[in-house]
Amino acid sequence: MEVLVSNVVAYLDAAATTRVEPQVAEVVLHWMTEEFGNSGSRTHEYGTRAKRAVARAREALAHSLSARPDELIFTSGATESNNIAILGLAPHGEKQGRRHIISSAVEHKAVLEPLEHLSSRGFEIDLISPGTSGRVSVEAVQERLRPDTLLVSLMHVNNETGVIQPVTELAKKLRETSTYLHVDAAQGYGKLTEDLHAPIDLVSFTGHKIGGPKGIGGLLVRRRGRDSVPLTPLMYGGGQERKLRPGTLPVPLVMGLAKAAEVFEKERKQWWSDAENFRRQLLRSLGRTRFRVNGDQENSIPHILNLAFDDVDAEALILQLKDYAAVATGSACTSASYTPSHVLAAMDLPEHVASNSLRLSWFPGQVQELDIESFTDVIVDYQVGVSS
């Protein structure tokens, strides 16, 4: 099969995915071509070695979240984990007469759409609009808590603005109640892992945002004392992963996820410093343009910027920039047709801002190709051309 190689441009869409780290790729290939056993096969050494390797990976990943190995199940990624957490808790809510769920209007579609489905089943979904900061306050959640509140689902780091939500503080507050907390940690996992050590009941995460392979992630189902979150499986057939996620485990991907987490943790401090440095350089250069930054910059991850450039059509600007950098208007998981960002709209930003903002996101070590000054020149020239 012919492989098409495009012209090399800088990659500024790391919030969508990252390049697999070479060490990770080596591990995945090893478990695909040499140690290729099924971890469920118990009658020979190939299966035994695969089972032992998965156990080691599970232990390491659970430890990184300050959890027990039996509290972690492997999934295909954060979207599946979100669905298992939200839809899997619904039968318990129905039995208990607790059909109230609190979330935010700036969640990823992988949370909002399962919630929309539950709404059609009679659940009351209470979505908090965070205002222009993009950050939901703990007080706003607490004000909405009721005796029949089953779940609060709040993302860790917003995938479009990079705003960090107060999940650690919220977890401590909710632990005193019967309401469960689910956190979609797709963007924060690895970068702000300490936040996830808090007593969060359900944590969804994925590997491909930190140099791991696509198609693998996890759901942490943390116990409350001796009690586990009462989840009902969405699929049946085999009983793997505590009967919550049946099917043959993709051992190569599991091992790749564990290796990515290990590599990223070793490099995390340097990664953070490099991400902040690149951000400063980029903003300094973009000072020659007319723009606004969307979201609370005091509570933001260093590798995501959401910018609205004055007098600019975002889609047209992306075309102007295509020879310099790969950029996006928002989430890669929404409709293929361009629509205004639901995140920015929920932040009560003007329509022209919600419709014409760019998300720039980077992974240090994967943006060397970018000539920042030339990148800025394109935007300056475009703004001058539009206004003249």
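For the chain, the residue among 189, 164, 356 whose Cα projects farthest onto the positive side of the dipole built from Cβ charges is 189. What is the helix-to-structure angle for 251-286, meaning the angle in degrees between its Cα long axis and the longest Cα principal axis of the chain, kept from 0 to 90 and rounded to the nearest 10? Tilt relative to the chain: about 20 degrees. When the GluC sites (Glu not before Pro) in region 133-181 are filtered for DSSP coil states and for at most 16 other beta-carbon atoms within 10 Å of their beta-carbon, the remaining sites are 176.
Phi angles of region 118-133 translate, via the Karplus equation with coefficients 6.51, -1.76, 1.60 and θ = phi - 60°, into HN-Hα couplings of 5, 4, 5, 9, x, 7, 9, 9, 10, 9, 8, 8, x, x, 5, 6 Hz per residue; Gly and Pro are given as x.
Multiply the residue separation of residue 117 and residue 223 by 0.36 nm, subtract the distance between their alpha-carbon atoms, and state the gained length in nm to one decimal. Mind showing how you got there, number by number?
Values: separation 106, 0.36 × 106 = 38.16 nm, distance 2.64 nm.
Length difference between fully extended and current span is 35.5 nm.
Computed over the chain, relative contact order equals 24 percent, with contacts defined as Cα pairs under 8 Å that lie 6+ residues apart.
Of the residues 238, 294, 308, the one whose Cα sits farthest toward the positive end of the charge dipole of region 238-326, with +1 on the Cβ of Lys and Arg and -1 on the Cβ of Asp and Glu, is 238. Going through [x] 21.0, 67; [y] 19.4, 59; [z] 21.6, 75, the figure that equals Rg and Dmax of the Cα atoms in Å as computed for the structure here is [z].
Available extension along the chain between residue 281 and residue 34 is 84.5 nm, counting 0.36 nm per residue and deducting the alpha carbon span. Taking amide H as placed 1.01 Å from N in the peptide plane, residue 75 has its amide H under 5 Å from the amide H of 217, 218, 219, each at least 5 places away in sequence or on another chain.
Applying 1/(1 + (r/R0)^6) with R0 = 25 Å to the Cβ-Cβ distance of residue 240 and residue 17, what FRET efficiency is obtained, to the nearest 0.05?
Working: r = 26 Å, r/R0 = 1.04.
Using R0 = 25 Å, I get an efficiency of 0.45.
Within straight-line reach of residue 269, meaning a Cα separation under 30 Å, sit the following lysines at least 8 residues removed in sequence or on another chain: 172, 173, 191, 209, 214, 259. Each of 226, 144, 279 was scored by other Cβ atoms within 10 Å of its Cβ. Listed from fewest to most, they are 226, 144, 279.
In the chain, the longest principal axis of the Cα atoms and the axis of helix 45-64 are about 60 degrees apart.
About its Cα centre, how strong a charge dipole does region 22-261 have in debye, to the nearest 20, once Lys and Arg get +1 and Asp and Glu get -1 at the Cβ?
On the way: 29 positive and 26 negative charges, 132 e Å.
Charge dipole of region 22-261: 640 debye, to the nearest 20.
Computed from Cα positions, the angle between helix 372-387 and the longest principal axis of the chain comes to roughly 60 degrees. Sorted ascending by nearby beta carbons within 10 Å, beginning with the fewest, 263, 343, 293 become 293, 263, 343.
Overall, region 36-162 carries a charge dipole of about 600 debye about its Cα centre when +1 sits on the Cβ of Lys and Arg and -1 on the Cβ of Asp and Glu, all other atoms neutral. For the chain, the residue among 60, 340, 125 whose Cα projects farthest onto the positive side of the dipole built from Cβ charges is 60. Dipole check for region 16-97: with +1 at the C-beta of Lys and Arg, -1 at the C-beta of Asp and Glu, and the Cα centre as origin, the magnitude is about 200 Debye. For region 142-155, backbone phi angles converted through the Karplus equation (6.51, -1.76, 1.60; θ = phi - 60°) give residue-by-residue couplings of 4, 4, 9, 5, 9, x, 9, 6, 7, 8, 10, 10, 9, 6 Hz, Gly and Pro being listed as x.
Which of 72, 170 has the fewest other C-beta atoms within 10 Å, and how do the rest follow up to the most? Don't skip to the end; give the middle numbers.
Values: 72 24, 170 21.
The most exposed by this proxy come first: 170, 72.
Between residue 384 and residue 137, residue separation times 0.36 nm minus the direct Cα-Cα distance comes to 85.0 nm.
Read-outs: derived from the displayed coordinates by stated rules, not from any lab. Small disclaimer: the values here were computed from a predicted structure and weren't measured. When we count neighbours, we look across all protein chains shown, and the Cβ atoms used for this are built from the backbone with ideal geometry, even at glycine.
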